[in-house]
Every structure is written in C-alpha cells, then in structure tokens.
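One structure is given below, encoded as structure tokens.
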Amino acid sequence: MNKSLSVLNNHPHIWRARDQKQSEAKFSLGFPRLDKALNGGVASTGLVRISSLTGVGELSLFKRVICQHRTHKLVVFINPPGLLQSPWLENLGLKAQQVLVVKTRSEQESLWAAEQCLKSTACHCVVLWSNAVNQKEARRLQVAATHNDALCLLYTPPQQQALQLSSQKADLGSDSQANLSNQSDSALPITLDIALKGNPHVLAVNIRKQRHGWPKDNIVISHRWTPDNQAIKWAMSHNTLSDQALHSVS
Amino acid sequence: MLWAYIYCYQLTLDSHIKAARNKRAHSQLPKHETNNQYSSLASNTPVAVYCSKTNKITQCNDIAKKEGIEIGHGLAQAAALCPYVHILPFSEEAEKHMLTQLAHRLYPLASDIVLDNHIQSDSVNGLAVRLDNLTHYYGGHTPLWKTLTQALAEADIRYHFASAWTIEAAKVLALHKFNTYLHTPDDIKKALSSCPLSITALSPKVIDSLARVGVSCVQQLLAMPVQELGQRFDNNTIMYLTALRGETFPRVTLFRPLEHFDNFTLLPFDIENTQHLTPFVTQQFEHLSHYLRARNLYTSSINVRIHFREAPIMDINIRSALPQSSVQSWLPLFNLKTENLELPEPATAIALTCQQFEEMDTQNGDFFSDRFNDIAQKQLIGRLNAKLGDNSTFQPLAADSHQFEYMTVTESSAGDGTGNYAYSSDITPTFTFDVPKPLIQATQICFGPVRLHSEWWHDSPTKRDYFIAQTEQCVRLLVFKDEESRWWVQGLFC
C-alpha cells in the first residue's frame with residue numbers, strides 16, 4: 001500500500017500543501033503583504049479573476065504587472081466600462097502604441113475576442129470586463145493564456161461573491177440549484193481568484209482561491225491611486241508662520 | 001486563381017507628404033527654426049509632381065487640384081494657373097524604390113507578389129498579390145483582405161485596388177478605380193464588362209482597329225470567340241486577351257526580397273546640416289530593426305549613403321563592437337559619427353544598407369519571451385475587425401485639449417496635429433462616460449477643486465470645478481460642479 005501511495009505521490013499534477021516551492025514565474029504587485037500571501041505575486045500566465053466594484057483602484061493595483069513586463073507586446077482592454085483615457089495610461093506607464101481597446105456588443109463576443117488575443121502571441125496582458133463566465137469558458141481562457149505565455153485579468157462585478165456567500169448559507173437548506181451554481185462558480189479552473197473591497201484609505205483583498213496556495217481573507221493594504229489633498233492639509237496644519245502673519249493684519 | 005491589384009497612383013507625392021509630416025513631428029525641438037517653413041509645406045501648399053521627359057504633371061495634391069491644376073497639364077500651364085505651386089521632380093527610379101519598399105512591407109503577409117513597374121514615360125505603378133493560396137491560412141477572404149489593407153494603411157499611400165482572376169484583369173479593374181474586393185467569377189465578369197477599352201494594355205493601334213468593327217468596351221471583347229480574334233491580331237494581343245478573360249495565366253516574375261537590407265529615402269527637401277538628417281535616418285533605423293527582428297538577426301556594421309546633386313555619394317560606414325539591432329543602439333552611433341561631418345552640398349537622398357548579419361545567440365534564454373510579433377499583431381487586428389466590425393478596435397491617443405472630454409481620440413486620422421502636444425495631467429480618470437451623469441450618491445471629496453474653462457473657440461463655453469470624490473463603497477469618481485452648481489459624474493478612477 002505504501003508503495004502504491006508513493007507512486008501516486010510522484011504524479012506531477014498532484015500538489016501537496018507542504019510544497020511551497022514553485023518553479024513558475026511570478027510578477028510582484030509591489031505590496032509586500034499581498035505578495036507574501038500570493039507566494040511572490042501574480043503568476044505570469046493564466047486567468048486571474050478580480051471581483052470588485054468598478055473604481056476601487058482595481059486596475060492600479062496591477063500597475064506593475066501590466067506595465068513592467070513583456071513591454072514589446074500589446075495590452076488589450078476588452079469591453080471596458082468607459083472611454084479609456086490616454087493620459088491615465090501614460091501616468092500608469094503604458095505607451096499608446098502598446099494599448100489596444102476592443103469594443104464588443106455581447107458577452108460572447110468579448111470572450112471570443114479575449115481568446116483570439118491570447119492565442120495571437122501578440123498580447124502580454126488581456127484585461128476583460130465580463131459579468132459572468134462559466135466553467136467551460138474559464139477553462140478555455142486559462143488554457144489559451146497559459147499556452148501562449150500571456151496573462152488574462154478578468155474583472156467581474158462583486159454580486160457573484162455575495163450570491164455565492166448567500167448560497168453557501170442556503171447550503172444547509174439543501175437548495176440543490178443554488179448548491180450547483182455555487183459549485184461551478186467557486187470551482188473555476190483558474191490561476192487566481194480574488195475579491196477587492198474598498199475601505200476608507202485602504203483596500204482589503206480576499207484571496208478566494210489560488211493555485212499552489214491557501215486562500216486568505218482580509219489582507220489590508222494601503223493603496224493610493226488618485227491624488228488627494230493630503231499635502232494641502234498637512235501644510236495647513238503645520239503652517240504656524242502664516243497664521244501669525246494673518247493675525248498680525250488686524 | 002485570384003489576384004489583387006493595388007494601383008499606387010501617387011507614390012512620389014505620398015512619400016513627400018509622409019516625410020514632411022515626419023519632419024514636423026520631430027520639429028518640436030526649438031533649435032530647428034527653419035523647419036517651420038517645411039512643416040507647413042505638406043498641409044496647405046499646392047504640390048505637383050512633374051515629369052520632365054513628357055512635360056506633364058503626373059501627380060498633384062487636392063490643393064493643387066483646387067487651384068485648377070490637372071494631371072496631364074504642362075509645366076507652363078500649371079505655373080500660370082498657380083504661380084506658387086511646389087514642383088517635385090518625377091523619377092522612375094525613385095518610384096520603383098518606393099514600390100519595392102511596399103512589396104517588402106507586404107512580403108511577410110503575402111508570399112506571391114508581382115511588381116508591376118515599367119520604366120516608361122507614363123508608367124503605371126502597382127503591385128499584384130496572389131490571394132487564392134492565402135485564404136486557407138487566414139481563414140477566409142475577409143480577414144486576409146483586412147490584414148493586407150491594414151498593412152497598406154500603415155504604409156500611408158493612396159491607392160486604387162481590385163481583384164480578379166488574373167493580374168491583367170485585376171489591373172484593368174484597378175485602373176477603372178473599382179475599389180471593391182470581389183472573389184466570385186460572376187461578380188468579376190460583371191465588373192469587367194463595364195470597363196472601357198482605353199484602360200486596357202492593348203496598343204492604340206489594336207484599340208483603333210477594334211473600334212472600327214464596333215468593339216469599344218470589354219464586354220464585347222469577352223463575348224467574342226477566340227478563333228475570330230486569332231485571325232485579326234498578333235500573338236501578343238491574343239495572349240493578353242486570353243489572360244484578360246481568365247483562360248490562360250501568363251508567366252510572371254514573383255517578387256523576391258533582397259538578401260541584404262537596402263532602404264532608400266528621397267528627402268522632401270535639400271538638407272544642409274547633418275542634424276536635420278536625424279529624423280529620416282531614425283525612420284530608416286526603424287525599418288532596419290523591424291527587418292532584423294523578423295529574421296532573428298543582428299548586425300555589427302551598417303552603411304549610410306548620402307546622395308547629392310553634383311558631388312559624389314558620401315559613404316559612411318558605422319561599426320559597432322557588439323552586434324545589435326535596435327534603433328536606440330544605432331542612432332547614437334550615427335549621431336556620434338556625423339557630429340563633425342560637413343556636407344559638401346545639400347543632401348537630396350539617403351540610403352541605409354546592411355550587408356552582414358549575425359545570427360542571434362541561441363543560448364540566449366529570452367528568445368521566446370521576447371519574440372517579434374508585429375505580424376501577429378496585424379493579423380490579430382485584422383481578425384478582430386473582420387468579425388466585430390471595422391470600428392471595434394482602436395488605440396487611445398492623446399489629443400490637443402485640456403478638457404477631459406477631448407483629451408483622448410480614438411483614431412489616428414482625427415487630425416494631423418494629434419499627439420504633438422499631449423497634455424499630461426495627473427487627475428485624468430481611467431474611464432470617462434460618453435455624457436456626464438448626474439451625481440446621485442453621497443460622496444466625500446478627497447481631491448480638488450481644479451477649475452477648467454473650455455477653450456474660447458468652443459461654441460458653448462463651460463466653466464467647471466472638478467473634484468475627485470469617494471463614495472461609501474470607496475469608488476473614486478471624477479465629479480464636477482457646473483456654473484449652476486449642479487453636480488455631475490464624468491469618470492472613474494480604477
């Protein structure tokens with residue numbers, strides 16, 4: 001019996017949680033706590049799902065991943081939620097020639113375009129906005145991405161997560177339908193599945209699923225992606241000189 | 001068989017316009033004062049190309065046409081109509097060079113290319129590309145044609161095109177400015193029948209004798225049996241006619257790219273200073289780097305030749321210790337080499353040649369991760385446009401405006417000045433909405449205000465105070481307050 005187990009252990013597709021060493025390339029995100037939880041960063045290939053509201057800094061979080069690697073290849077934005085602004089891209093560190101925006105009319109077209117982009121070998125990163133993908137579609141994108149050395153960032157609205165949590169609760173009530181959808185949703189065959197939640201001044205990251213690693217909840221990072229009035233506030237609060245000057249007028 | 005014919009009717013003019021535009025893009029440097037004179041040249045001066053052999057204007061731009069100059073006018077007539085017309089000399093050699101460059105550009109995409117260029121006074125310049133053997137690789141006619149037109153659009157030339165069963169037939173249709181892609185024999189036949197005989201390659205004598213028997217358009221010619229024609233005309237004419245009908249396929253010499261790299265650029269104006277050569281040389285280095293990258297090669301020695309009107313050609317050999325391919329590595333070497341160089345007289349043309357190549361080191365591990373993918377990119381864009389529609393893909397480009405609505409344009413053709421004065425602003429949102437939405441959520445301001453007025457030449461002047469606001473869910477929005485103190489949401493920060 002022992003022998004047969006050891007044979008099974010040698011199978012390359014079986015991963016044991018105690019194996020922390022991986023040979024796969026990782027892209028660091030630049031946030032030490034998050035990188036540590038992800039064992040070094042985001043994998044360089046594959047499908048990554050990010051469930052979040054639009055506008056909590058979900059793109060800026062991946063700034064390093066998008067801008068600092070494979071810079072001779074395209075970054076494709078498929079079905080973005082608005083008109084992508086070129087000065088923002090420049091601030092992020094992307095050149096205009098390197099960016100392609102694809103407008104689609106339906107979910108199916110978006111998925112088709114994403115797969116074509118991944119398979120073309122011309123793309124480094126495909127950023128896709130989609131409401132929902134099922135297991136089969138996720139698998140297709142994952143395979144297309146890993147085989148062509150590309151990364152696919154899939155942005156979905158956070159309802160999915162809420163739905164999943166509620167269905168997990170309803171699990172006890174043995175609602176088989178909800179159970180099934182929950183199964184298919186959480187079991188997407190992808191590299192990384194994370195959820196973002198914005199709190200004032202910080203961003204909370206929940207790693208719902210990652211390959212070769214454990215899920216981890218509530219990793220809080222301080223993330224600044226827009227300018228703010230901190231500098232002015234600081235100057236006002238520390239400015240004792242001008243206060244006196246103001247008083248001396250009267 | 002299916003051939004496409006691309007009839008390039010104004011190559012000299014196109015290259016002049018392109019070179020002048022390129023020059024303008026580089027002329028932002030304040031030290032080049034003289035450039036302004038040239039920069040305005042392409043956009044609002046009448047330009048005509050004059051062939052001295054036949055004393056005819058062969059090509060002219062729209063502004064020249066507006067002045068009354070037409071193709072076929074003599075020099076005196078043109079000068080009388082418009083005294084300040086800018087005349088470019090017509091040179092068959094130069095046109096042939098440009099055509100060859102175009103063929104080099106298309107060669108990675110299509111294997112069978114025929115250069116149709118005859119050194120004659122009123123020659124027709126065009127390229128024929130065989131399509132039927134390529135449809136298999138591109139997965140259909142539409143993606144193939146989209147890919148080719150994309151490459152042609154990048155070459156920035158004006159052309160008429162048509163497709164038909166033989167080069168001869170496609171050429172007749174292209175000269176007829178048919179500009180439609182056909183691939184079924186019935187459509188081609190219908191299109192051909194409407195063409196007049198005068199645009200075919202038949203000699204005037206043959207056309208004359210055909211006119212005498214009442215044949216004046218291609219339709220009648222197609223209907224005639226071959227035996228009847230055989231009694232009247234010589235062998236060459238018969239061969240041409242059967243090719244036109246798609247019955248025989250004459251032998252053609254296919255284009256083969258050179259073993260070495262050779263790029264020749266005719267300068268749009270005489271250049272006296274080596275520093276002013278830099279933009280044109282940069283362009284050539286870009287071509288070289290594309291060429292080398294596509295073939296997985298490096299080079300350690302290149303030759304730049306500068307042509308003059310009278311003086312002998314100046315040959316500058318540049319060597320590099322390390323074999324390299326990129327523009328960034330070769331351009332500084334060129335600048336160093338020519339820093340102290342004095343040109344004996346104004347330069348008229350430059351050529352970049354490269355004879356010796358070196359194989360890339362196969363031990364180098366980053367070969368696969370850094371593979372050249374220009375062609376893959378073109379194929380991808382062609383495929384996406386074919387399925388999703390022509391306007392489905394674009395690249396966001398910076399535009400000349402400080403207002404968030406007009407900061408980004410989606411098409412490069414929106415204006416020639418595009419991208420010259422990109423406004424960099426650190427409060428630009430990631431996405432803007434097509435129209436601002438009223439702000440209906442509770443938000444907290446975290447940055448602002450920034451007051452922006454619209455430009456005075458806009459019809460409806462606006463004055464807006466912009467803020468970055470944060471909702472309860474920490475979504476950051478670009479909001480503004482208009483003059484009536486109403487609040488709007490215009491964009492998102494992702």
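Quick notes
Conditions (1) out of contact with any Lys or Arg (no Cβ under 8 Å at 6 or more places or on another chain); (2) within 20 Å of A:LEU59 (Cα to Cα); (3) of a type in the set (A, V, I, L, M, F, W, C), marked per residue:
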{"position": "A:GLN98", "(1), (2), (3)": "no, yes, no"}
{"position": "A:VAL101", "(1), (2), (3)": "yes, yes, yes"}
{"position": "A:GLN108", "(1), (2), (3)": "yes, no, no"}
{"position": "A:VAL127", "(1), (2), (3)": "yes, yes, yes"}
{"position": "A:SER130", "(1), (2), (3)": "yes, yes, no"}
{"position": "A:LYS136", "(1), (2), (3)": "yes, no, no"}
{"position": "A:LEU153", "(1), (2), (3)": "yes, yes, yes"}
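Condition check ((1) part of a strand (DSSP E or B); (2) more than 30 Å from B:SER163 (Cα to Cα)) across all residues:
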{"residue": "B:LEU241", "(1), (2)": "no, no"}
{"residue": "B:THR253", "(1), (2)": "no, no"}
{"residue": "B:THR278", "(1), (2)": "no, yes"}
{"residue": "B:GLN283", "(1), (2)": "no, yes"}
{"residue": "B:HIS290", "(1), (2)": "no, no"}
{"residue": "B:VAL304", "(1), (2)": "yes, yes"}
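- Selection within region B:382-410 - buried (at least 21 other Cβ atoms within 10 Å of the Cβ) and either in contact (Cβ under 8 Å) with a residue 60 or more places away in the chain or among the aromatic types (Phe, Trp, Tyr) (or both): B:GLY382, B:ARG383, B:PHE404
- Criterion (surrounded by fewer than 19 Cβ atoms within 10 Å (Cβ to Cβ) and either among the basic types (Lys, Arg) or free of Cβ contacts under 8 Å to residues at least 60 places away in the same chain (or both)) met by exactly one of A:ALA113, A:ALA25: A:ALA25
Residue by residue, here is whether (1) of a type in the set (S, T, N, Q); (2) in contact with a His (Cβ under 6 Å, 6 or more places away or on another chain) holds:
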position	(1), (2)
B:THR237	yes, no
B:GLU247	no, no
B:PRO268	no, yes
B:HIS276	no, no
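- 2 or more residues farther than 26 Å from B:GLY126 by Cβ and modelled with pLDDT under 85: qualifying helices (runs of 4 or more DSSP H) within region B:183-234: B:226-232
- Taking the criterion of being in contact (Cβ under 8 Å) with a residue 12 or more places away in the chain and over 26 Å from A:ALA25 (Cα atoms), the residues of region A:87-108 that qualify are A:VAL101, A:VAL102, A:LYS103, A:THR104, A:GLU107.
- Test: residue in region B:55-69 that is at pLDDT below 85 and either within 18 Å of B:THR282 (Cα to Cα) or not in a helix (DSSP H, G or I) (or both): no
- Screening region A:65-140 for strands (runs of 3 or more DSSP E) wholly inside it with 3 or more residues that are on the phi > 0 side of the Ramachandran plot, at the interface with another protein chain (Cβ under 7 Å from one of its Cβ atoms) and touching a strand residue (DSSP E or B) at 6+ places or on another chain (Cβ under 6 Å) returns no ranges.
- Inter-residue pairs, beta-carbon under 7 Å, first over 22 Å from B:SER425 (Cα atoms) and within 14 Å of chain A (Cβ to nearest Cβ) and in region B:463-492, second among the β-branched types (Val, Ile, Thr) and part of a loop (DSSP other than H, G, I, E, B), 6+ apart: B:CYS474/A:VAL56
A quick yes/no check of all residues on (1) under 20 Å from A:LEU188 (Cα atoms); (2) within 14 Å of chain B (Cβ to nearest Cβ):
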site	(1), (2)
A:LYS26	no, no
A:PHE31	no, no
A:LEU34	no, no
A:ASN39	no, no
A:ALA43	yes, no
A:GLY46	yes, no
A:THR54	no, yes
A:GLU58	no, yes
A:LEU61	no, yes
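- Test: B:PHE433 is within 10 Å of chain A (Cβ to nearest Cβ) and either at pLDDT 90 or above or surrounded by fewer than 17 Cβ atoms within 10 Å (Cβ to Cβ) (or both): yes
The values are calculated or read from the model by the stated rules, or taken from the named source; none is laboratory data. It should be emphasised that the depicted structure is a prediction, and the values quoted were computed from it without experimental measurement. Glycine also receives a Cβ, built like all others from the backbone with ideal geometry; neighbour counts cover every protein chain displayed.
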